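Below is one structure, written out as C-alpha cells; comments come after it.
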Amino acid sequence: MVALTIGCRRACRRGPWVRIRAVRATVTCTDVHRPFSLGPLAVRADPRRGSVRPMKKLINSVDSVVTDALRGMAAAHPHELDVDLDQHIVYRHQRKEKGKVAIISGGGSGHEPLHGGFVGTGMLDAACAGEIFTSPVPDQMVAATTAVDRGAGVLHIVKNYTGDVMNFEMAAEIVDADSGIQVASVVTNDDVAVEDSLYTAGRRGVGVTVMVEKIAGAAAEEGRPLDEVAGIAARVNAAGRSMGMALTSCTVPANGKPSFDLPADEMEIGIGIHGEPGRHREKVASAAEVAERLVTPILAELTELEPAGADEGVIAMVNGMGATPLLELYLMYGEIARLLQGAGITVARNLVGNYITSLDMAGCSLTLVRVDAELLRLWDAPVHTPGLRWGM
C-alpha cells in the first residue's frame, strides 16, 4: 500500500483544528513511559535476581534528552543546520532556491541519524523530532512545512506508524486551510516481517525511508514539480523491502529498563525499530544463518516486482540498530552479498552502517530496493547531510 495524497482530502474546519493544536497530547508509537529518575544513572530492581542494576546513559536528565541532543547537533553542524530548540525542528542552513519542491519528514527520536541527520542538500529541507519513540505533533509539522515552502509545494515523507500518519495528515489539512500551500504525502511501508504491528495498520515503515528521502531529495533538487517528486518517492517505496533482527532490547531513558525481555541465548527475527514483536524468536545463530533469515523473505517479494524501467539491480543497505559494531555489520554484508550473488541479484550500490537505529539495540536490518537507471542516477546525485554525503 502506498498512500499518495495531494492537498487537503476533506473539508477542513478551522475551529476544531485550533482546539486540537492547543492540546499537546500525542499518539505514541510505544507504551507510555514515565520518568523514574532525573539522572543518567537510574537504579532499577531486577525481578529475576532480586537485585538492583543501573541504567547507564550519557544524559543529563530524562526530561531533556531530545533538547540536549538537538543542541549538540546544532553545535556540531553550525554551517549546515539551523535547529529550533523550542519546536524541535531541524532545518537546512542554506534554503533551496525559489520554485523548488521542499521535503520534510520526522518521527520519534531515538532512530538517529534518521531524520535530522538527513537534513541538507540533496535530501530533506526539515525534520521534526518527537520525544523518544513518540510522534512529533502537528504544530511542528505545520511550522516546518510553512517555513520550507519555496512556492512549489512540500512533500511529507511519513513512516507508517499510527501517530506519525495521523499527525502528518492533520498538519497537511491545517496548512491547506491556513496558507494554501500544496502538500503531497508518501507513506513508507517496507517491512516484510509482519502485516500489522502494535502501532500500525499495515506494514511498518523502516529502512526504505532513507532511500526515499535520498532519491526524492535528488529529484527535488533538479527542480521537478511536486507530483513528479511524490511519484518518484512512491516508486522507491513500492520497490523496497526490509527485514530486521535483534540480539538485545533497547532502553528508553524515561523507562529506565529494557523495552522487552530477550534471553541471552535468543534472538528475535523481524523486530520493529521500537522493539515491536517480530515473526518469531529462536536460538542465537551464526551470521550466515541470520543473513539467510533476512534475505529469504525479502527476495520472496522483491523478485515478483516489475521495475519501471530496465532493471539495474538493487541498492542494498545493511543497517545497524544502534549497538552493533561496524565489524559485525561488514561481516553481515559479506554474508548477504554472497546470498544475493547466488540468487542472481546484482548489487548496484550499498550502504553499511547506522542509518535508522533503535537507541542501544544490538541487531541489524536489511533493506533492498530494486532500481532502474533513473532511480540509480538520482541515488548517485550529490548529497551533503550529517548522516549521508557524497559528490560535493
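Hey, can you grab everything whose amide H is under 5 Å from the amide H of residue 100? Only 5+ residues off in sequence or another chain; H modelled, so Pro and N-termini drop out. For residue 100, whose amide H was placed from the backbone, the distant partners under 5 Å are 152.
Each peptide among 69-81, 120-132, 350-362, 372-384 gets the average number of other Cβ atoms lying within 10 Å of its residues, and from highest to lowest they stand as 120-132, 350-362, 372-384, 69-81.
Length gain on complete extension for the stretch residue 279 to residue 328, per 0.36 nm per residue less the alpha carbon to alpha carbon distance?
On the way: separation 49, 0.36 × 49 = 17.64 nm, distance 2.27 nm.
Using 0.36 nm per residue and subtracting the Cα-Cα distance, I get 15.4 nm.
Taken per residue, the accessible surface of segment 62-129 reaches 37 Å², heavy atoms only and a 1.4 Å probe. In order along segment 154-167, the phi-based Karplus estimate (6.51 cos²θ - 1.76 cosθ + 1.60, θ = phi - 60°) of 3J(HN,Hα) comes to 10, 9, 9, 9, 10, 6, 7, 10, 3, x, 4, 4, 5, 6 Hz; Gly and Pro are listed as x.
Phi angles across segment 184-195 convert, under the Karplus curve 6.51 cos²θ - 1.76 cosθ + 1.60 with θ = phi - 60°, into 3J(HN,Hα) values of 10, 10, 10, 9, 8, 8, 9, 6, 7, 5, 9, 7 Hz, Gly and Pro given as x.
So, for segment 148-291, what is the accessible surface per residue at a probe of 1.4 Å, expressed in square angstrom? Please list the in-between numbers first.
Numbers: 4080 Å² over 144 residues.
Counting only protein heavy atoms, the per-residue value for segment 148-291 is 28 Å².
Note on residue 227: accessible area is roughly 100 Å² with a 1.4 Å probe, heavy atoms of protein only. In summary, the lysines within cross-link reach of residue 159, defined as a Cα separation below 21 angstrom excluding same-chain residues under 8 places away, comprise 214. Counting only protein heavy atoms and a probe of 1.4 Å, the accessible surface of segment 236-340 is 57% carbon and sulfur. Residues with amide H under 5 Å of residue 351's amide H, sequence separation 5 or more or different chain, H placed in the peptide plane at 1.01 Å from N; which? The answer is 316, 317, 318.
Projecting the Cα positions of 220, 274, 313 onto the charge dipole of segment 215-337 (unit charges on Cβ atoms of Lys, Arg, Asp and Glu, taken about the Cα centre) puts 274 furthest along the positive direction. Amide hydrogen proximity for residue 201: with H placed 1.01 Å from N in the peptide plane, the residues at 5 or more positions away or on another chain lying under 5 Å are 162. Here residue 350 and residue 177 are evaluated by their C-beta separation; at R0 = 51 Å the FRET efficiency comes out at 0.70.
The values are calculated or read from the model by the stated rules, or taken from the named source; none is laboratory data. Remember, predicted model here, so these are calculated numbers, not experimental data. We place every Cβ from the backbone using ideal geometry, glycine too, and count neighbours over all the protein chains shown. For the accessible areas, the whole protein counts, side chains as well, though only heavy atoms, and no ligand, DNA or RNA atoms are used. Shrake-Rupley method; radii C 1.70, N 1.55, O 1.52, S 1.80 Å.
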